[in-house]
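Undergrad: Below is a structure I'd like to ask you about.
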Amino acid sequence: MAESHEEFKQFNVDLWKFDGHEGALIPLLQSAQDTYGYVPEKAMHYISHVTGIPAAEIYGVVTFYAQFRTRPLGKNIIRVCNGTACHVNGVKMLYDTLQEELGINYEETTDDGLFSLVSVACLGCCSLAPVLTINGEVHGRLNVAKTRKIIREFRTRTKASEQ
Amino acid sequence: MKTILVGLGTCGISAGGEKVYRALQEELKEHPGTFELKETGCIGMCYREPLVEVIDDGESHLYAEVTPERIGRIVEEDVIGGTQIDDWLALAGGQAEGFFDKQVRIVLRNSGIIDPGSIEEYIARDGYQGVTKALKEMTPEEVIKDVLDSGLRGRGGGGFPTGKKWEFTRASAGDKKYIICNADEGDPGAFMDRSVLESDPHSVLEGMMIAGYAIGADEAYIYCRAEYPKAIARLRQAISQAQRRGLLGEDILGTGFNFHIKIKEGAGAFVCGEETALIASIEGRRGMPRFRPPFPAVSGLWGKPTNINNVETFANIPWIIQNGGAAFAAYGTENSKGTKVFAMAGKVQRTGLIEVPMGLTIRSIIFDVCGGIIDNKRFKAVQMGGPSGGCIPAEMCDIGVDYQEVNKTGAIMGSGGLIVMDETTCMVDVAKFFLTFTQAESCGKCTFCRIGTKRRREIPERITDGQGTMDDLDNLEELSDQIRAASLCGLGQTAPNPVITTLKYFRDEYEAHIVDKKCPAHVCTPLLTYTINELCNGCTACARACPTAAITGEKKGMHFLDQELCIKCGKCFTVCRFDAVTKD
């Protein structure tokens, strides 16, 4: 299987390290997602090729777990907590504000590729509800103004870093 | 020298703790040698984060809601000058009155006190003494007896006696056995395990080692959800520290006991909290539960006897071994011994993490420990046990936290998430929330759980849309019974609890939605009517905010809302600063 130079990344290193141990599938998929930002179909075929696990079974695992994505996401991933505490403390306001600022629904990416909006079950920061994370950074006790400010700051910051 | 501790658990960080920490680093450069700067985990007062504690010879000043701007004065006046700044103290003006009085901290014994990144600090507070005692002075049977005597029950939600579980796994035939720590804290509204892992990771490792010794296992896994990056980082650090000190690995403390711990990151599936699904996930498969028996104690990971306990359960173990089972059993009630950690969230004043003896009443937890309801609103209910639990109405909250007492209400003790609800929470909406959750998280193996949960979710959706009928309530009950009876694992079996309890205790709210087409808590949008009253002074804010131009009126004149055009988005209500927009 020919591989371009571009693909010699952590995922390939992890594939080489495969020692035949059962249970390696999910860590390999996590490594693929860390490397590519999502799990591309070719990565599933590579894993199948190396581990001998049928590609269909790998696809089954990928689609079972909420963590794995089969499509690339935007540069900044916004995860909105939809846990009980956030629900009770106004996640709807949060979602409406984000939708207004970004013009996208859950599981969508903005046209400029800057933001993706993802709904998650619970981030475990219930005492700070409502909560969202941007690229893993937690923002809590949000209201309309605070949410707008965060998104606008991120937009400016990302655009500035591109120039 | 004085020590300054900064709370840097996830809650501390998201409240701005890292900026405060950096500001302190800068101060330290300016005044070298005046204090020692350390980070710590969660002290439990998440509602006052970021927290900074100045410690001098046993005397401590805890400052709350610290900003980088306040750091200069704290260092100058308190650290260097020796005078505390009264207004900024966390306990000032009785704001935290009673918060610690009724707490008994066993699981949280080190949380917010030690630097979780330092094995030395853990050891200095009697860390790894429990496992040393177990390995050097006790037989595995004696360890199990101590755990049995303690009366400790599984803190993940099941409530099965931990000692019994150990006994079964020890008795299973086979030379290879496994320990698994379930850190897949999936219940929305629960964050006890995250906090323990972030604040005191070594206590969990030590508990696992003791369990390994007791059942005869030399290998262990921690299955931690990927949503907890900080907890995973802490665990990795703690494991490598313990390895370097010879506390993990081969021939631990020269006793011939071998023990290895690996971390498995979950990939986001609520059902993986169920033990057979969790095992399938570690084995690299779809996390679907299987039929039991055989129980994991007989045939678990890779078909070997496996003992699975939750994070909080393990964190109790070192304390129990060190102090004896009887000391633990001295706390609590007849059938629920020891203490329980609760994650407080929702409409309560003091959100955060608390640990109280079993048997304390729910009302006392909410009002004495956690300061009551926000804005003095009416306390309506408390949700216990997440999607498997139920809503306990305020009138019944004089029961103590005790496995049997809580079960009698139709809720369950669960893992410890306590979500407080007030008059602004709609119980039909809460039921809908949990039904949506369990439907999304059903693994799809059992027909009733796969399809039944979807059909069931549609019922409260109809009701909150104003399309419900009274027959819907009977259907909801019937379908819930069927899903309970025909599901293999706990997810399907307990999924009806939130519905059954809300139907039982808040039937009038369902009926208000169906018959009067009203939402008493003013939550369900399609049932609301927005109107503008005479308090309107014509500031035009609502008219400008309205996306459908439903609001008209002259500047400085009373405005009017056209119900035909109104899409009930609530923007007018949010922007009005004169209470002139009402919703009903």
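Undergrad: Return the residues of the stretch A:6-28 that are within 13 Å of another protein chain (Cβ to nearest Cβ), open to solvent by 20 Å² or more (accessible area, probe 1.4 Å) and in contact with an Asp or Glu (Cβ under 7 Å, 6 or more places away or on another chain); say none if nothing qualifies.
TA: Once the filter is applied, which keeps residues that are within 13 Å of another protein chain (Cβ to nearest Cβ), open to solvent by 20 Å² or more (accessible area, probe 1.4 Å) and in contact with an Asp or Glu (Cβ under 7 Å, 6 or more places away or on another chain), the stretch A:6-28 yields only A:E22.
Undergrad: For the stretch B:131-156, give me the residue count where each residue is within 29 Å of B:I412 (Cβ to Cβ) and open to solvent by less than 20 Å² (accessible area, probe 1.4 Å).
TA: Looking only at that region, the number is 7.
Undergrad: Evaluate the stretch B:374-383: report whether one residue or more is crowded, with 24+ Cβ neighbours inside 10 Å and assigned to a loop (DSSP other than H, G, I, E, B).
TA: No, the conditions are met nowhere in the stretch B:374-383.
Undergrad: Also, quick follow-up: Confirm whether B:G410 is surrounded by fewer than 24 Cβ atoms within 10 Å (Cβ to Cβ) and in a loop (DSSP other than H, G, I, E, B). Full working, then the answer.
TA: Working: surrounded by fewer than 24 Cβ atoms within 10 Å (Cβ to Cβ): yes; in a loop (DSSP other than H, G, I, E, B): yes.
So B:G410 passes the test.
Undergrad: Would you check which residues across the stretch B:268-286 are free of Cβ contacts under 8 Å to residues at least 40 places away in the same chain and either more than 10 Å from every other protein chain (Cβ to nearest Cβ) or farther than 16 Å from B:A226 by Cα (or both) and list them? Steps first, please.
TA: Of the stretch B:268-286, the ones free of Cβ contacts under 8 Å to residues at least 40 places away in the same chain are B:280, B:283-285.
Once the filter is applied, which keeps residues that are free of Cβ contacts under 8 Å to residues at least 40 places away in the same chain and either more than 10 Å from every other protein chain (Cβ to nearest Cβ) or farther than 16 Å from B:A226 by Cα (or both), the stretch B:268-286 yields B:A280, B:E283, B:R285.
Undergrad: Just to verify a result, which residue in the stretch B:432-443, among those that are at the interface with chain A (Cβ under 10 Å from one of its Cβ atoms) and open to solvent by 10 Å² or more (accessible area, probe 1.4 Å), is farthest from the chain's Cα centre (by Cα)? Before you say what the answer is, go through the steps one by one.
TA: The initial filter retains those residues of the stretch B:432-443 that are at the interface with chain A (Cβ under 10 Å from one of its Cβ atoms), namely B:432-434, B:436-437, B:440-441, B:443.
Pick out the ones that are also open to solvent by 10 Å² or more (accessible area, probe 1.4 Å) and you get B:432-433, B:436-437, B:440-441, B:443.
Details: B:K432: 21, B:F433: 17, B:T436: 20, B:F437: 17, B:A440: 20, B:E441: 18, B:C443: 23 Å.
Going through the qualifying residues, I end up with B:C443.
Undergrad: Let me ask you something else. When the residues of the stretch A:143-163 are narrowed to those that are among the aliphatic types (A, V, I, L, M) and over 21 Å from the mean Cα position of the chain (by Cα), which ends up nearest to B:A190 (Cα to Cα)?
TA: At the first step, the residues of the stretch A:143-163 found to be among the aliphatic types (A, V, I, L, M) are A:144-145, A:150-151, A:160.
Subsequent filtering for residues that are over 21 Å from the mean Cα position of the chain (by Cα) retains A:144-145, A:160.
Working: A:V144: 25, A:A145: 27, A:A160: 38 Å.
Among those that are among the aliphatic types (A, V, I, L, M) and over 21 Å from the mean Cα position of the chain (by Cα), it is A:V144.
Undergrad: Of the residues that make up the stretch B:307-317, is at least one of a type in the set (F, W, Y), at negative phi and crowded, with 24+ Cβ neighbours inside 10 Å? Can you show your working first?
TA: Initially, the stretch B:307-317 is screened for residues of a type in the set (F, W, Y), giving B:314.
After this cut, where a residue has to be at negative phi as well, the list is B:314.
Now narrow it down to the ones that are crowded, with 24+ Cβ neighbours inside 10 Å: B:314.
Checked the stretch B:307-317: at least one residue is of a type in the set (F, W, Y), at negative phi and crowded, with 24+ Cβ neighbours inside 10 Å.
Undergrad: What number of residues within the stretch B:194-241 are assigned to a strand (DSSP E or B) and either small (G, A, S) or over 20 Å from B:W166 (Cβ atoms) (or both)? Lay out the reasoning, then the answer.
TA: Going residue by residue through the stretch B:194-241, those that are assigned to a strand (DSSP E or B) are B:219-224.
Add one more test, that the residue is either small (G, A, S) or over 20 Å from B:W166 (Cβ atoms) (or both), and what stays is B:220, B:224.
The qualifying residues number 2.
Undergrad: Let me confirm something: among A:R69, A:R79, which residue is among the basic types (K, R), more than 10 Å from every other protein chain (Cβ to nearest Cβ) and out of contact with any Asp or Glu (no Cβ under 8 Å at 6 or more places or on another chain)? Steps first, please.
TA: On the way: A:R79 fails: more than 10 Å from every other protein chain (Cβ to nearest Cβ).
Result: A:R69 is the single residue among A:R69, A:R79 that is among the basic types (K, R), more than 10 Å from every other protein chain (Cβ to nearest Cβ) and out of contact with any Asp or Glu (no Cβ under 8 Å at 6 or more places or on another chain).
Undergrad: While we're here: In the stretch A:21-57, which residue that is among the charged types (D, E, K, R) and either in the same structural domain as A:T109 (by TED's automatic domain parsing) or part of a helix (DSSP H, G or I) (or both) is nearest to A:V80 (Cα to Cα)?
TA: If we filter the stretch A:21-57 for residues that are among the charged types (D, E, K, R), which is where we start, we get A:22, A:34, A:41-42, A:57.
With either in the same structural domain as A:T109 (by TED's automatic domain parsing) or part of a helix (DSSP H, G or I) (or both) added as a condition, the list becomes A:34, A:41-42, A:57.
Details: A:D34: 20, A:E41: 27, A:K42: 30, A:E57: 30 Å.
Across the stretch A:21-57, the extreme among qualifying residues is A:D34.
Undergrad: Kindly check whether there is at least one residue in the stretch A:105-119 that is farther than 25 Å from A:K159 by Cα and either aromatic (F, W, Y) or crowded, with 22+ Cβ neighbours inside 10 Å (or both). Working first, answer last.
TA: So the first thing to find is which residues in the stretch A:105-119 are farther than 25 Å from A:K159 by Cα, and the list is none.
Scanning the stretch A:105-119, I find no residue that is farther than 25 Å from A:K159 by Cα and either aromatic (F, W, Y) or crowded, with 22+ Cβ neighbours inside 10 Å (or both), so the answer is no.
Undergrad: Please work out if B:S203 is out of contact with any strand residue (DSSP E or B) (no Cβ under 8 Å at 6 or more places or on another chain), surrounded by fewer than 24 Cβ atoms within 10 Å (Cβ to Cβ) and modelled with pLDDT of 95 or more.
TA: Against the criterion (out of contact with any strand residue (DSSP E or B) (no Cβ under 8 Å at 6 or more places or on another chain), surrounded by fewer than 24 Cβ atoms within 10 Å (Cβ to Cβ) and modelled with pLDDT of 95 or more), B:S203 does not qualify.
Undergrad: Out of all the residues in the stretch A:76-90, which are more than 18 Å from the chain's Cα centre (by Cα) and open to solvent by 10 Å² or more (accessible area, probe 1.4 Å)? Reasoning before the result, please.
TA: In the first step, residues of the stretch A:76-90 are kept if they are more than 18 Å from the chain's Cα centre (by Cα); the result is A:84-90.
A:H87, A:V88, A:N89, A:G90, listed by residue number.
Undergrad: Follow-up. Conditions first: (1) open to solvent by 20 Å² or more (accessible area, probe 1.4 Å); (2) of a type in the set (S, T, Y); (3) in contact with a strand residue (DSSP E or B) (Cβ under 8 Å, 6 or more places away or on another chain). B:T339 passes all but one, so which condition is the exception?
TA: (1)
Undergrad: I need a count of the residues in the stretch B:56-101 that are in contact with a helix residue (DSSP H, G or I) (Cβ under 7 Å, 6 or more places away or on another chain) and surrounded by 15 or more Cβ atoms within 10 Å (Cβ to Cβ).
TA: 16
Undergrad: Of all residues in the stretch A:132-157, count the ones that are surrounded by fewer than 17 Cβ atoms within 10 Å (Cβ to Cβ) and more than 10 Å from chain B (Cβ to nearest Cβ).
TA: Looking only at that region, the number is 10.
Undergrad: More than 18 Å from the chain's Cα centre (by Cα), of a type in the set (S, T, Y) and within 14 Å of chain B (Cβ to nearest Cβ): which single residue out of A:S31, A:S48 fits that description? Write out each step before concluding.
TA: Values: A:S31 fails: more than 18 Å from the chain's Cα centre (by Cα).
Of A:S31, A:S48, the one residue that is more than 18 Å from the chain's Cα centre (by Cα), of a type in the set (S, T, Y) and within 14 Å of chain B (Cβ to nearest Cβ) is A:S48.
Undergrad: Scan A:V91, A:V131, A:V120 and give me the residue that is closer than 21 Å to B:I374 by Cβ and touching a residue at least 40 places away in the same chain (Cβ under 8 Å). Before you say what the answer is, go through the steps one by one.
TA: On the way: A:V91 fails: touching a residue at least 40 places away in the same chain (Cβ under 8 Å); A:V120 fails: closer than 21 Å to B:I374 by Cβ.
Step by step, each of A:V91, A:V131, A:V120 is checked, and only A:V131 is closer than 21 Å to B:I374 by Cβ and touching a residue at least 40 places away in the same chain (Cβ under 8 Å).
Undergrad: I would also like to ask the following. Name every residue in the stretch B:234-247 that is under 29 Å from the mean Cα position of the chain (by Cα) and open to solvent by less than 60 Å² (accessible area, probe 1.4 Å), in order of residue number. Outline the logic, then answer.
TA: Of all residues in the stretch B:234-247, those under 29 Å from the mean Cα position of the chain (by Cα) come to B:234-242.
Within the stretch B:234-247, B:R234, B:L235, B:A238, B:I239, B:S240, B:Q241, B:A242 meet the criteria.
A quick yes/no check of all residues on (1) in contact with a strand residue (DSSP E or B) (Cβ under 9 Å, 6 or more places away or on another chain); (2) more than 14 Å from chain A (Cβ to nearest Cβ); (3) part of a loop (DSSP other than H, G, I, E, B):
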{"site": "B:G538", "(1), (2), (3)": "no, yes, yes"}
{"site": "B:K555", "(1), (2), (3)": "no, yes, yes"}
{"site": "B:M558", "(1), (2), (3)": "yes, yes, yes"}
{"site": "B:C572", "(1), (2), (3)": "yes, no, no"}
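Undergrad: Filter the helices (runs of 4 or more DSSP H) completely within the stretch B:433-521 down to those with at least 2 residues that are at pLDDT below 95 and under 23 Å from B:E395 (Cα atoms).
TA: Working: elements: B:453-464, B:470-485, B:490-494, B:497-505, B:507-511.
Qualifying helices (runs of 4 or more DSSP H): B:497-505.
Undergrad: If a residue has to be in contact with an Asp or Glu (Cβ under 9 Å, 6 or more places away or on another chain) and over 16 Å from B:C272 (Cα atoms) to count, how many in the stretch B:305-318 make the cut?
TA: Going through the stretch B:305-318, the residues in contact with an Asp or Glu (Cβ under 9 Å, 6 or more places away or on another chain) turn out to be B:306, B:308, B:310-312, B:314-315, B:317-318.
Now drop any that are not over 16 Å from B:C272 (Cα atoms), which leaves B:312, B:314-315, B:317-318.
Counting residues in the stretch B:305-318 that are in contact with an Asp or Glu (Cβ under 9 Å, 6 or more places away or on another chain) and over 16 Å from B:C272 (Cα atoms) gives 5.
Undergrad: Of everything in the stretch B:223-259, what is within 14 Å of chain A (Cβ to nearest Cβ) and under 17 Å from B:I180 (Cα atoms)? Give them in sequence order.
TA: B:Y223, B:C224, B:R225, B:A226, B:A231, B:I232, B:R236
Undergrad: Related question: Search the stretch B:15-42 for residues being crowded, with 24+ Cβ neighbours inside 10 Å and within 12 Å of chain A (Cβ to nearest Cβ), and hand back the single one that is modelled with the highest pLDDT.
TA: B:C42
Undergrad: With B:D429, B:D422, B:D474 as the choices, which residue is surrounded by fewer than 24 Cβ atoms within 10 Å (Cβ to Cβ) and over 27 Å from B:R194 (Cβ atoms)? Break it down into steps so the answer makes sense when it comes.
TA: Numbers: B:D429 fails: over 27 Å from B:R194 (Cβ atoms); B:D422 fails: over 27 Å from B:R194 (Cβ atoms).
It is B:D474.
The values are calculated or read from the model by the stated rules, or taken from the named source; none is laboratory data. Just so it is clear, the model here is predicted, and its values are computed rather than measured. Note: ideal-geometry Cβ built from the backbone for every residue, glycine included; neighbour counts use all protein chains shown. Areas reflect the complete protein model, heavy atoms only, side chains present, ligands, DNA and RNA absent. Shrake-Rupley method; radii C 1.70, N 1.55, O 1.52, S 1.80 Å.
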